[in-house]
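In what follows, a single structure is set out as structure tokens and then discussed.
The values are calculated or read from the model by the stated rules, or taken from the named source; none is laboratory data. If you're wondering where the values come from, they're calculated on a predicted model, not measured in any experiment. Methodologically, a virtual Cβ is constructed for each residue, glycine included, from the backbone with ideal geometry; neighbour enumeration extends over all protein chains shown. Heads up: the accessible areas ignore ligands, DNA and RNA and are worked out on the full protein's heavy atoms, side chains in. Shrake-Rupley method; radii C 1.70, N 1.55, O 1.52, S 1.80 Å.
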Amino acid sequence: MTAQPTAPTDGPSADSVIESFRTPPSDSRPMMRWWWFGPDVERGELARELRAMRDAGIGGVEVAFVYPLSRVEHPFLSPESLDDVAFAARTARELGLRFDLTLGSGWSYGGPHIASDTAARTLRWDVRDIGMDALDLGTESAHPDDVVVAVFVAEGTVHDRPGAFAQVPVREGRVHVGSGRGPRQLAIAWSSPTGQQVKRAASGAEGPVLDHYSAAATAAHLAAVADPLLDAVPAELVGSVFCDSLEVYDANWTPRLPAEFLARRGHDPIPDLWRLRFDAPGSAEFRAEYYTTLGELYEENFLDVVRGWAGRRGVRFRVQSYGAPPARLGSYGHADLVEGEGWGWRGIPQTRWASSAAHHLGRSVVSAETWTWVHSPSFRATPLDLKGEAHEHFLLGINQLIGHGWPYSAPDAAGLGWFFYASGALDDRNAWWPAMPALTEYLARLSALLRQGSPVRDVLLYLPSSDVYPRLGPEKGGNLDLWRTLRAHIGDEIPAAIRDAGFDFDLVDDDALDILSNSASIGAASARTASIGENTAIVLPFATDLPERTRRALRAAEAAGALVVSVVPAGSELAGDDPERSRPEAAAETVVAPDELATVLRLGRSPDLVLDPPAPQVGFVHRAIGDGHAYLLANTGPEPVSFVAHPRELRNGWQLWRPENGRVTGSGEAGTPPRVRLEAYQAVVIATDGIRGQDWLAGHENSGTDAGESVRRTPHDTAAPSSESSPLSTGWRVRYDDRVDVDPVELPHDWRADRPGFSGSATYDIAFDAETLWPGGVPHRVELDLGDAVPEAPGDGRALPGASYHAGVKPPVCDVATVELNGRACGTLFAPPYAVDVTDALQPGLNVLRVTVSNSTAAALTDPEVRASVDELVARSRELYGMRFVMQDLDAAGEGLRSGLVSVPRLRWSAGD
């Protein structure tokens, strides 16, 4: 996709795009990570859970083998456990579900087959003061697998800033340090096993994490783990094989590194190894070379080896390529399928890292591990939480959701059963599960749309790796995570400014920029990949060390019409009041402070989308589809917002498409841009030009109001229509699904006051007389309005960990309401606006309204007996298998929790009816 405004191109027809939106294909449905504890599973329960997933609109599973919660009779990779995997794969195929396999247990890859020579290793430094006298040392270590790599000596003490270190030779296991002129520092670099064990390992999968820089270590793992799995499950039953989080802590050494470094960089690294630990002229350059080499070894000796194996076995390889080892953006090119994780559409989570790589690589589908830690603890998340976080992933360029996750649970387990130590627990034990089919259809609809055509991202945000490589590694108090270090270097203000300016962006590193600039210079641009043109802006965030090839690429980009902007710290002498002043010798880019960036990006360039008035909480993602365009707009905040939307790619006309039901709810010509109102966490699609479907519109335009459209809240008009309403204040009764009694109740009603540990459903009913309400006859359009979602005030609920998403509103119903009038189902409500059309179910005279409310299953965790069963399960696991996990946040399960119909519903109708 070119970064400049696009001309009409061949592509899918309007009818095919609309049909895909109305009836999304099965492969766009969200999948679930399926945790198998032990592995101790029963085939009857495996089949039941797969059927439950299918019935809820889930499209597939990713099997993850994790720690035991019971005594395991058939450990990981035993013949019996492999037969269970094969059974699950066959059953998934019969049910039309995708079936993916993690090539290992827990994370990262490793296990009992990894020996000391294939385990992850780190450089361990022994630095101490020595005196003037000569010194003889042995190189024995208390740990048998420690090996001395190099010994160095420098003048001065450990409290001084040393000059250059001199290497001291090691001969026959001994080190002789000659006499000196004064106090000195001795630095010994040892190669030591990290000692890291596979996290959350299943029974039989315990062992060290492998050396991700060693092809032999990777091959050993594939032979021990991957081959048995694919021998048991035919390749045609496997959607992909998967590598989860790269969390190989402090692994910055491999025995072949000296030889590989010499071959790639042209000099022996050993004499300069001290530069990893000490700052001196040339240390930054050496660290950049060192960690670049580690990244290359990871790509060639881990990713390439796994991908090659997968290709030979006839399956695709999917990976989350960020973390440690120091994976680069381009590392994704060494796998078949790209995956990220993390929300935060105005920043640079791993999801943005992944979607940028997918765009550069021309990959049409990019997935994300979604709902990790969502509204912790387990079972606390609601459908509104899931919807809100999913929007964040869509805005970051994701179009395949893989939920975290679905815990297998033994059918005879006590209490709530088995669930993962970290949220979410997204299975049919949730009391709100009746809402799941509507939610998954909604998410599938958006996923399918966001696979059409190509992404439009005008801004390239440069990753200044040369500036951050010197800060990598445990020697400098950092880590090996290049993505994390780059994100900290860039900060949040710059990506937020790009979004506020009305643009979307891709991350770009030196390699990708080099390729893009060459494409620009020769006019070669793929329809599926990014390219550089007159509307492109390249942003250099706090970049002080640009490689020469990058400078050449920037000059080529400018020649193709791109704007190059260098962002420097506020107050820098290079920034000033003149936003168009150029810095010399740096490809003549414009120099600005962070708070000037949004203004500069708009100079001479048309924003992709302008909202009037501005609405920073509304994000967008844009796809160019044939000779039309689709803009997904999502309100990511807790308050309603109204605006006029001005899409850049609007020449002929527009339609508004509703993700809740696939309907068109408004249309107009180019001269009259759409007026939009979005409730909290609501989304809408603006379809322009060639993908509008007039015939389809005429046959399906909504003539009434449904769960997504309200008499007083229309998604396409900021002017609220005049309406009348009547509260249903008195006469309510309630019956809990575990009781037969029907009791009178006053609204608002939070049943946690009387039944704090009850998790389930309660049906509220009321009778009303239509003739009393409307003596002149029933209006032509009536809705039931349960009330407003109120933004949380400071102090509401509790503070959640930074990675734990939750929707910041207090809804009028906690948490899902299914509405029935006179025995006729009207709809299920779980997100704003909490209103549903009841017109067709109304009858003259007496009407009976039933609202069945389902709450959060986290309420059960506040029941002392249920909590005791969880604690007993954890204690039993530790007694049998040690401490492999710690349950998260269970004590907070009830904080801020509400259950029931916590507002007074109203019947609402248009004035004048």
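Applying the selection to the range 165-191, what residues are in contact (Cβ under 8 Å) with a residue 12 or more places away in the chain, of a type in the set (D, E, K, R) and open to solvent by 40 Å² or more (accessible area, probe 1.4 Å)?
The answer is Arg174, Arg181.
For Asp467, state whether it is closer than 22 Å to Leu563 by Cβ and open to solvent by 20 Å² or more (accessible area, probe 1.4 Å).
Details: closer than 22 Å to Leu563 by Cβ: yes; open to solvent by 20 Å² or more (accessible area, probe 1.4 Å): yes.
Yes.
Quick one: in the range 98-125, which of the residues that are open to solvent by less than 40 Å² (accessible area, probe 1.4 Å), assigned to a loop (DSSP other than H, G, I, E, B) and out of contact with any Lys or Arg (no Cβ under 6 Å at 6 or more places or on another chain) is nearest to Arg316 (Cα to Cα)?
Selected residue: Tyr109.
Identify all residues within the range 339-382 that are among the hydrophobic types (A, V, I, L, M, F, W, C) and open to solvent by less than 20 Å² (accessible area, probe 1.4 Å); write none if there are none.
Trp345, Ile348, Trp353, Ala354, Ala357, Ala358, Val366, Ala368, Trp371, Val374, Phe379, Ala381
Within the set of pairs 6 or more residues apart or between chains, which connect a residue that is within 20 Å of Ala134 (Cα to Cα) inside the range 153-164 to a residue that is open to solvent by 30 Å² or more (accessible area, probe 1.4 Å) and among the basic types (Lys, Arg) with Cβ atoms less than 9 Å apart?
Sorted first by the residue in the range 153-164, then by its partner, the pairs are Glu155/Arg181; Val158/Arg128.
Could you look through the range 200-240, keep only residues that are in a loop (DSSP other than H, G, I, E, B) and among the hydrophobic types (A, V, I, L, M, F, W, C), and pick out the one that is nearest to Asp304 (Cα to Cα)?
For the range 200-240, the residue satisfying everything is Val238.
Could you tell me whether the range 462-477 includes any residue that is free of Cβ contacts under 8 Å to residues at least 60 places away in the same chain, closer than 23 Å to Pro547 by Cβ and of a type in the set (Gly, Ala, Ser)?
No, every residue in the range 462-477 fails to be free of Cβ contacts under 8 Å to residues at least 60 places away in the same chain, closer than 23 Å to Pro547 by Cβ and of a type in the set (Gly, Ala, Ser).
Take Ser582 and decide whether it is modelled with pLDDT under 95, open to solvent by 10 Å² or more (accessible area, probe 1.4 Å) and more than 25 Å from Gly397 (Cβ to Cβ).
Details: modelled with pLDDT under 95: yes; open to solvent by 10 Å² or more (accessible area, probe 1.4 Å): yes; more than 25 Å from Gly397 (Cβ to Cβ): yes.
Yes.
If you go through the range 440-455, how many residues are basic (Lys, Arg) and surrounded by fewer than 24 Cβ atoms within 10 Å (Cβ to Cβ)? Walk me through how you get there before you give the answer.
Within the range 440-455, the subset basic (Lys, Arg) is 445, 451.
Cutting the leftovers down to surrounded by fewer than 24 Cβ atoms within 10 Å (Cβ to Cβ) gives us 451.
The total comes to 1.
Within the range 63-80, identify whether any single residue is open to solvent by less than 10 Å² (accessible area, probe 1.4 Å), farther than 21 Å from Gly882 by Cβ and touching a strand residue (DSSP E or B) at 6+ places or on another chain (Cβ under 7 Å), and answer yes or no.
yes
So that you can scan it fast, the table gives a plain yes or no per residue for (1) part of a loop (DSSP other than H, G, I, E, B); (2) open to solvent by less than 40 Å² (accessible area, probe 1.4 Å); (3) touching a residue at least 60 places away in the same chain (Cβ under 8 Å):
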residue	(1), (2), (3)
Ala615	yes, yes, no
Phe620	no, yes, yes
Pro638	yes, no, yes
Glu649	yes, yes, yes
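Starting from residues that are aliphatic (A, V, I, L, M) and either outside any loop (DSSP other than H, G, I, E, B) or over 20 Å from Val618 (Cα atoms) (or both), keep the ones in the range 343-377 and report whichever is nearest to the chain's Cα centre (by Cα).
Top of the filtered list is Ala368.
I'm told Ile58 meets every condition in (1) over 21 Å from the mean Cα position of the chain (by Cα); (2) surrounded by 23 or more Cβ atoms within 10 Å (Cβ to Cβ) except one. Can you identify the failing condition by its number?
Going through (1) over 21 Å from the mean Cα position of the chain (by Cα); (2) surrounded by 23 or more Cβ atoms within 10 Å (Cβ to Cβ) one by one, Ile58 breaks only (1).
Which members of the range 420-439 meet the condition of being under 20 Å from Ala64 (Cβ atoms) and open to solvent by less than 10 Å² (accessible area, probe 1.4 Å)?
Phe420, Ala422, Ser423, Gly424, Ala425, Leu426, Asp427, Asn430
Can you list residue pairs whose Cβ atoms sit under 9 Å apart, with the first residue in the range 210-223 being over 14 Å from Ala120 (Cβ atoms) and the second being among the acidic types (Asp, Glu)? Count only pairs 6 or more apart in sequence or on different chains.
Short answer, once both residue conditions are applied: Ala215/Glu300; Ala215/Asp304.
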